[in-house]
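J.: Structure in structure tokens, see below.
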Amino acid sequence: MDSTLKVPTMAELFAAGQQPEVLFWVGCAGSFDDRAKKITKAFVKILNKANVSFAVLGTEESCTGDPAKRAGNEFLFQMQAVTNIEVMNAYEVKKVVTACPHCFNTLKNEYPGLGGNYEVVHHTQFLKQLLEEGRISMEGGQFKGKRITFHDPCYLGRANNVYEAPRDLIRKLDAELVEMKNCKKKGLCCGAGGAQMFKEPEKGSKDVNIERTEQALETKPEIIAAGCPFCNTMMTDGVKNKEKETAVAVMDIAELIATAEDL
Amino acid sequence: MQYLPNILFAIILIVAIAFFTKNVSRLRRNINLGKDIGSLNNKPQRWKNMAKIAFGQTKMVVRPIAGFLHVIVYVGFIIINIEVLEILIDGIFGTHRIGLKFLSTPVYGFLIGSFEVLAVLVLVSVIIFWVRRNVIKLQRFLSAEMTGWPKSDGNIILYFEVVLMCLFLLMNATDTSFQNLNSGNIVSQFIAPWFDGMSANSLHAIERTAWWLHIIGILAFLNYLYYSKHLHILLAFPNTFYGKLLPKGQFKNLDAVTQEVKLMMDPDADPFAAAAEDASEPEKFGASDVTDLSWVQLLNAYTCTECGRCTSECPANQTGKKLSPRKIMMDTRDRLEEVGKNIDANKGTFVDDGKQLLGDYISNEELWACTSCNACVEACPVSIDPLSIIMDMRQYLVMEQSAAPSDLNNMMGNIENNGAPWPFNQMDRLNWAQEQ
């Protein structure tokens, strides 16, 4: 199997006079965080396998401004947004896919008011669409019968009412989807949102990610599935804290699919 | 002398209505201290939300036990109020059970019978509510903000309801002519024998006393609302109407900032241009006091009935942090009341009292503990949005005071310098594609 990733940039395609079907918005975590980069690569492998015409902005991408806005810095957020919108509008971007629910929410909901109007989908929605269109096939493979619980990212679930796309994909793996007592609308945050990822938590009795990991472990899962690079970090840390990392893996939906397909 | 009761009744009624009107106008005045939000979009959806969430109680029943009991009390409250209409007419015109003049005995009996059954169901529910608060001691009724007045307030409301329901049943049980009808006394027929052997006069005296106390109690309760968390029985309706329709993750973009950013990005803008003659004072960013909030956020504060579902779903609160979304709403209301009283005491203008919502009521520590996960917003049965207040106050802290925690300042510095929350070079953004 050819292991090199084909990752065209918007600039390259533009120079060749081409317009991709979709812009893959990688996000800061997906670009720089070692754990999240694996998710990025897994998603690209699937895109390559399905021959999806996509491109990334590469060095022209910049933070969406989400953490700045949630931290209260509206000015920095809008500077980031306007800069990104200028770049995307110059490339006449129509559709954006991203593996980060924070980027997803910001691009989808907060950019239109500043002049950035795109169809924005989360990678789980995009993958589900590829599956429905027959552009990828999925068989459970090594996940057949495995107990998988899905942790709802707040900015995908409650914030944007996307609950079923990731779950449908897990079911397609022939895995046994087990729900935590707090799921979907009542899902508990991993503790990273609202710019908490970048600061120490306030004084309390416990860290939020530990509480959430305990809820996940109650379902006796073999895999905790996530759909957000920040949730992934928080849950991975939580599982390590509980010394369960050899028994329970924390994986993104894209990684599950790429692994199932031996990509 | 014959008309003395009628006159007395009319006076009590007028005083009660006058008092209530005064409180409503004070309520309106205080809510209007909030900022205008412009015109409303999508009214059909708003009416639908009000019908579903407030009238239909759809979010109450998410928690089945409390939800079910609440629906009983709510339905009882609305339906038993039909009886109040009869009481008002009887009181003003000196009639007795005027309903019997307009309705056939079976129909009248059916109505009163339903009220009696509902009264018993309400009694049972209210007693269970009391037990939940005072005996079982449910976690969410024991938070730090639920001591003192909020705790007493919750119980006073329950006592009020118990007394009103008992008076209603007692009034029916001791009404000899009503008992003789033998229609509609489904419950009171079992109470009537307790008074066997009493003279007709004593029975009548008890019936009259219960009747008067019942209606005075209702009018007192009406006027208690403004001082209590119980305003939700009125405000839940407008509050669900004005609730957020956008996706929960969408926070508003500040227009004032957009203007400035556009100017900065405009290559033709003259950086040394003098400010326009009519340039107004630059707008304050975010909120440090209640008058910086929108009037809908202030309406939210008066609507909150302190049920604590928000706080019990809050990840920060669940893990022992100081933040409690319910406290954010209670603080906002308390401060707004304080500002309102200040205005009343100073002939219509606010005189600086050296206090504000930020710091004197809500601490920075609470604000920074929020993960913006929207669990509180989702949990609220009447569409209150505590998160929007938290975000507005963070905005003030960062944009007006540069008072973010240092970790966040680092994060924002990184975004400014290299377009990512971590100190990585933007030119390395695509390196992952080459890594194995």
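J.: Any chance you could count how many residues in region B:3-36 are out of contact with any Leu (no Cβ under 9 Å at 6 or more places or on another chain), of a type outside the set (Asp, Glu), in contact (Cβ under 8 Å) with a residue 24 or more places away in the chain and farther than 19 Å from B:TYR227 by Cα?
T.: Number of matching residues: 4.
J.: Could you please tell me which pairs satisfy a Cβ distance under 8 Å, a separation of 6+ or placement on different chains, a first residue in region B:382-406 that is within 10 Å of chain A (Cβ to nearest Cβ), and a second residue that is among the basic types (Lys, Arg) and surrounded by fewer than 22 Cβ atoms within 10 Å (Cβ to Cβ)?
T.: Matching pairs, first to second residue: B:TYR396/B:LYS284; B:GLU400/B:LYS284; B:PRO405/A:LYS199.
J.: Considering each of A:PHE24, A:PHE43 in turn, give the residue that is of a type in the set (Phe, Trp, Tyr) and either in a loop (DSSP other than H, G, I, E, B) or in contact with a Ser or Thr (Cβ under 8 Å, 6 or more places away or on another chain) (or both).
T.: Values: A:PHE43 fails: either in a loop (DSSP other than H, G, I, E, B) or in contact with a Ser or Thr (Cβ under 8 Å, 6 or more places away or on another chain) (or both).
Residue meeting the stated conditions: A:PHE24.
J.: Return the total of residues in region A:150-195 being at the interface with another protein chain (Cβ under 10 Å from one of its Cβ atoms) and hydroxyl-bearing (Ser, Thr, Tyr).
T.: The total comes to 1.
J.: Moving on. Here's a check for you: in region B:265-287, which residue that is surrounded by 10 or more Cβ atoms within 10 Å (Cβ to Cβ) and modelled with pLDDT under 85 is nearest to the other protein chains (Cβ to nearest Cβ)?
T.: The first filter runs over region B:265-287 and keeps only residues surrounded by 10 or more Cβ atoms within 10 Å (Cβ to Cβ), leaving B:265, B:269, B:283-287.
Next cut, modelled with pLDDT under 85 only: B:265, B:269, B:283.
Values: B:MET265: 6, B:ALA269: 14, B:GLU283: 12 Å.
Checked region B:265-287; the qualifying residue nearest to the other protein chains (Cβ to nearest Cβ) is B:MET265.
J.: Could you run through region A:211-233 and say how many residues are outside any strand (DSSP E or B) and touching a Ser or Thr at 6+ places or on another chain (Cβ under 8 Å)?
T.: Within region A:211-233, the first condition is being outside any strand (DSSP E or B), and the residues that meet it are A:211-222, A:227-233.
Now drop any that are not touching a Ser or Thr at 6+ places or on another chain (Cβ under 8 Å), which leaves A:211, A:216, A:219, A:221, A:227.
Count: 5.
J.: Condition first: crowded, with 17+ Cβ neighbours inside 10 Å and on the phi > 0 side of the Ramachandran plot. Now tell me which residues in region B:338-386 satisfy that.
T.: B:SER372, B:ASN374, B:SER383
J.: Would you point out the residue of region A:39-60, among those that are away from every other protein chain (no Cβ under 11 Å) and charged (D, E, K, R), that is surrounded by the most Cβ atoms within 10 Å (Cβ to Cβ)?
T.: Per the criteria, the residue is A:LYS45.
J.: Return the pair list, or none, for Cβ contacts closer than 6 Å from residues in region B:125-143 that are modelled with pLDDT of 95 or more to residues that are of a type in the set (D, E, K, R), at least 6 apart or on different chains.
T.: Every condition considered, the pairs that remain are B:VAL126/B:GLU161.
J.: Only one residue in B:LEU138, B:LEU121 is surrounded by fewer than 20 Cβ atoms within 10 Å (Cβ to Cβ) and under 16 Å from B:CYS307 (Cβ atoms), so which one is that? Even if it seems obvious, please write down each step before you answer.
T.: On the way: B:LEU121 fails: under 16 Å from B:CYS307 (Cβ atoms).
Criteria check complete, one pass: B:LEU138.
J.: Something else about it: Out of B:ALA345, B:ALA375, report the one residue that is over 30 Å from B:LYS22 (Cβ atoms) and either touching a Ser or Thr at 6+ places or on another chain (Cβ under 7 Å) or not charged (D, E, K, R) (or both). Quick ask: steps written out before the conclusion?
T.: Numbers: B:ALA345 fails: over 30 Å from B:LYS22 (Cβ atoms).
Testing whether each residue is over 30 Å from B:LYS22 (Cβ atoms) and either touching a Ser or Thr at 6+ places or on another chain (Cβ under 7 Å) or not charged (D, E, K, R) (or both) leaves just B:ALA375.
J.: Let me spell it out: the conditions are (1) within 25 Å of the chain's Cα centre (by Cα); (2) small (Gly, Ala, Ser); (3) in a helix (DSSP H, G or I), and B:GLY413 meets all of them except one. Which number is the exception?
T.: With respect to (1) within 25 Å of the chain's Cα centre (by Cα); (2) small (Gly, Ala, Ser); (3) in a helix (DSSP H, G or I), B:GLY413 is out only on (1).
J.: Only one residue in A:LEU114, A:LEU131, A:LEU127, A:LEU76 is out of contact with any Gly (no Cβ under 7 Å at 6 or more places or on another chain) and within 12 Å of chain B (Cβ to nearest Cβ). Which one? If you could, list the steps in order and put the result at the bottom.
T.: Numbers: A:LEU131 fails: within 12 Å of chain B (Cβ to nearest Cβ); A:LEU127 fails: within 12 Å of chain B (Cβ to nearest Cβ); A:LEU76 fails: out of contact with any Gly (no Cβ under 7 Å at 6 or more places or on another chain).
None of the others qualify; the one that does is A:LEU114.
Quick grid of which residues meet (1) surrounded by fewer than 20 Cβ atoms within 10 Å (Cβ to Cβ); (2) closer than 15 Å to A:THR59 by Cβ; (3) of a type in the set (D, E, K, R):
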| residue | (1), (2), (3) |
| --- | --- |
| A:LYS6 | yes, no, yes |
| A:ALA16 | yes, no, no |
| A:GLU21 | yes, no, yes |
| A:TRP25 | no, yes, no |
| A:LYS37 | yes, no, yes |
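J.: While we're on this one: Across region B:305-354, what is the total count of residues that are outside any helix (DSSP H, G or I), within 14 Å of chain A (Cβ to nearest Cβ) and of a type in the set (Ser, Thr, Tyr)? Walk me through it before giving the result.
T.: Narrowing region B:305-354 to residues outside any helix (DSSP H, G or I): B:305-308, B:314, B:319-324, B:346-354.
From the residues that got through so far, the ones that are within 14 Å of chain A (Cβ to nearest Cβ) too are B:314, B:319-324.
After this cut, where a residue has to be of a type in the set (Ser, Thr, Tyr) as well, the list is B:319, B:324.
Result for region B:305-354: 2.
J.: Let me ask something additional. Being surrounded by 14 or more Cβ atoms within 10 Å (Cβ to Cβ) and either outside the structural domain of B:PHE110 (by TED's automatic domain parsing) or among the acidic types (Asp, Glu) (or both) is the filter; apply it to region B:158-207 and report the residue that is farthest from B:ILE233 (Cα to Cα).
T.: Within region B:158-207, the match that is farthest from B:ILE233 (Cα to Cα) is B:ASP175.
J.: Taking region A:151-168, which residues are assigned to a helix (DSSP H, G or I) and among the charged types (D, E, K, R)? It would help to see each step written out before you state the result.
T.: Our first condition is that a residue be assigned to a helix (DSSP H, G or I); within region A:151-168, this holds for A:164-168.
Answer for region A:151-168, where residues must be assigned to a helix (DSSP H, G or I) and among the charged types (D, E, K, R): A:GLU164, A:ARG167, A:ASP168.
The values are calculated or read from the model by the stated rules, or taken from the named source; none is laboratory data. Predicted model only: the values in this text are computed from it and were never measured. For neighbour counting, all protein chains shown are included, and Cβ atoms are generated from backbone atoms with ideal geometry for every residue, glycine included.
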